[in-house]
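These notes are about the structure you will find just below.
Here, each number is a calculation from the coordinates, and none is a lab measurement. The model shown is predicted, which means the values in this text are computed figures rather than measured ones. Cβ atoms come from the backbone with ideal geometry, glycine included; neighbour counts cover every protein chain shown.
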Amino acid sequence: MAGRVKDEDIALVRDRTSIADIINETVTLRSAGGGNLKGLCPFHDEKTPSFTVSPARNVYFCHGCGAGGDAIKFLMDAEHLTFIESVERLAGRAGIQLRYDESGFKNDGPRQQPGQKQRLIAAHAAAAEFYQEQLTTPGARKAREFLAQRGFGRDAAERYACGFAPDGWDLLTKHLRQRGFTAEELTAGGLAKPARSGSLIDRFRRRLLWPIRDLTGDVIGFGARKLFDDDDGPKYLNTPESPLYKKSHVLYGIDHAKREMAKQGRAVIVEGYTDVMACHEAGEPTAVATCGTSFGIDHIGVLRRLLMDSDSFTGEIIYTFDGDAAGQKAALRAFEEDQRFVGRTFIAVSPDNMDPCELRLARGDLAVRDMIASREPLVDFALRQTLARFDLDTVEGRVEAMRRAAPLVAKIKDREKRPEYARKLAGDLGMDLEPVQRAVASASSPESSGAPAPRRPVDSPQRLVEREALKLALQHPVLAGPMFDALGPETYGDEVFQGIRKAIAVAGGTTTATGGAGWIESVRDACDDLGGKALVGELAVVPLHVDGEADLRYVQVTLARLQVGAVTTRIKELKSKVQRINPVAHKDEYLALAGELFSLEQHARALRDQAAGGL
């Protein structure tokens, strides 16, 4: 049985990993004040950023869905890795050599191997290198000619790591097996497949290849283009679904485009690998393409997070489609998905039915940039294409066109634009405004996404103080120290807060903690219930209610206020009890309670004096 990574190495990985750098590869983060960063959550669909990252403590938390943790947890959830795979991925980035603890396991057992995903990523990296080397061989002449005919020379081929699958049944398979990869790994990753004879053969043969990368730049699959007439396979062949490759999430070129997307606040959606290359070479570095599937909901989610597409910051999506019937149909389908973007969506139609690659070849780089610059709002295009299907010279044609176009106007997410588009539609139809307005109103339906979220009840002042005390313990344990540890769970009136306080004690207390992601993870692990675990993540990133940096005085004030609440509650309980006791029949008990009440009231006054200053 395999050993486990040594705890001190895991701690070192956490310490040397910048969580902001890791998350920035998937989510565009912007300053949220107080040293925190915010972005759109990658784990649920949202319009307003609620995903908070605290670089100082190396943790994240989403106030919308409750997801939270450190960099290891983020990779586990975002890329569906196991704990060990996440640790190994981060260790590789940080240049840390992990050690494995074999104590408690058989010494003659196999040493722990890296997780499956890391092995598959390594296999794909080796395959990409192999294919790229093959592109320079005599057998790859047809592949080089294909690229050259589309305006891509040797430099461009190297820039996009284009490759060639040679004319052999198992050349890649043998190469990777010699590198130590198993048949099971090659099959799971889609690099090889079983032949009818039972042996393992390469998935791609005699094809031009593009490596497909994820947001982090790791190769996760390949797109392969048919080159020879006697190849009876499809024109394009992609890696099958695998633990790495999910076609509904993959966008070719995203690794090249992501930084410019975040910088420019826009993305250009094209249809093929060479179109992406052409746009990038022409000076439009935000172009990406889907791989073997149409542009869908999951792709939108990826782009929204990169563009920070939210209620307060709107990104710009530009679809490029051929001007033919298929391209028009794709554009209208895109309009249906358009409502998932808060930002503005446009369409750029290539002249003469040319795709961006053909346009660059025929008219140069400037023509590609001009095509994108001359984009028009997607709703305008959708309305025009809809009206074009009807004979507007007839009453029947105008009425039917109105019926088909009104729902498009009703779907415009910016409500303030709907009246103007209704007037435009009436003008394009040559009809009076009133019937068009009625048709739009009739087509309108309540938008669930536009309904305001129910407001959470405001916490009582005492609950706010309890939260603040726990935030201090999680974010500044060294500062909170013995003063915090001296106040037990009974000081908190909320059961979940009590559970977190107990978890802090189980984790060793603030007196022994040094802070950071490791400390927060320890407290989270010690929580008994899921609500407490989620709240730990939230409290670890929510800013303190203090101007500037927290100091010892702020800790004293906060903990004094925490005690005031607990003592006041106890005073009320004692007063109620004293009132119910007969001082004559139960003289001793009455005097004891009265003495305790007097002492508590004095203590409460002292705490109020100490807590003077206000949160």
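Numbers at a glance
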item: Extension gain (nm, one decimal) between SER460 and ARG415, 0.36 nm per residue minus Cα-Cα; result: 12.5 nm
item: Over 19 Å between alpha carbons, listed pairs LYS73/LYS263; LYS47/LYS246; LYS471/LYS533; result: LYS73/LYS263; LYS47/LYS246
item: In degrees, nearest ten, helix 325-338 long axis to first principal axis of the chain (Cα); result: 10 degrees
item: Label point at LEU366 placed 7 Å out along Cα→Cβ; residues across the range 259-282 whose backbone nitrogen lies under 19 Å; result: 279-282
item: MET277, MET76 arranged by Cβ crowding within 10 Å, fewest neighbours leading; result: MET76, MET277
item: Sequence-distant residues sharing a close amide H with VAL5 (under 5 Å, placed H); result: ASP101
item: Amide N proximity, the range 196-228 versus ARG259 label position 7 Å along Cα-to-Cβ, cut-off under 19 Å; result: 213-219
item: Packing-based exposure ordering (other Cβ within 10 Å, fewest first) of ILE500, ILE412; result: ILE412, ILE500
item: Computed [θ] at 222 nm, deg cm²/dmol, the chain (DSSP H ≥ 4; -39,500 (n - 2.57); rounded to nearest 500); result: -15000 deg cm²/dmol
item: Charge dipole (the chain, unit charges on Cβ, about Cα centre) - positive-most of THR17, LEU176, SER197; result: THR17
item: Scaled radius of gyration (Cα, divided by 2.2 N^0.38 Å) that the chain gives; result: 1.24
item: Hz values of 3J(HN,Hα) by residue in the range 239-250 - Karplus curve (6.51, -1.76, 1.60), Gly and Pro given as x; result: 4, x, 4, 8, x, 9, 9, 10, 4, 6, 10, 8
item: Hypothetical label at HIS603: residues of the range 571-587 whose amide nitrogen lies under 15 Å (7 Å Cα-Cβ projection); result: 571-575
item: Linear extension gain, ALA11 paired with HIS586, 0.36 nm per residue minus alpha-carbon span; result: 201.0 nm
item: Over the range 389-445, relative contact order from alpha-carbon pairs under 8 Å, at least 6 apart, %; result: 36 percent
item: The chain, relative contact order [Cα under 8 Å, separation at least 6], %; result: 11 percent
item: Crossing angle, helix 7-16 versus the chain [Cα axis fit, 0-90 degrees, rounded to tens]; result: 70 degrees
item: Nearest-ten-degree value, helix 378-387 long axis tilted from longest Cα axis of the chain; result: 50 degrees
item: Magnitude of the charge dipole, the chain, Cβ model with Lys/Arg +1 and Asp/Glu -1, debye to 20; result: 300 debye
item: Label-point gap, in nm, between ARG30 and SER197 - each point 7 angstrom along Cα→Cβ; result: 6.0 nm
item: In order through the range 415-422: 3J(HN,Hα) via Karplus (6.51 cos²θ - 1.76 cosθ + 1.60), integer Hz, x for Gly, Pro; result: 4, 5, 8, 4, x, 5, 6, 5
item: Ranking of CYS279, CYS62 by count of other Cβ atoms within 10 Å, fewest first; result: CYS62, CYS279
item: Relative contact order (%) - criterion: Cα under 8 Å, at least six apart; region: the range 116-238; result: 26 percent
item: Extension gain, GLU495 back to LEU392 (0.36 nm per residue minus Cα-Cα distance, nm); result: 30.3 nm
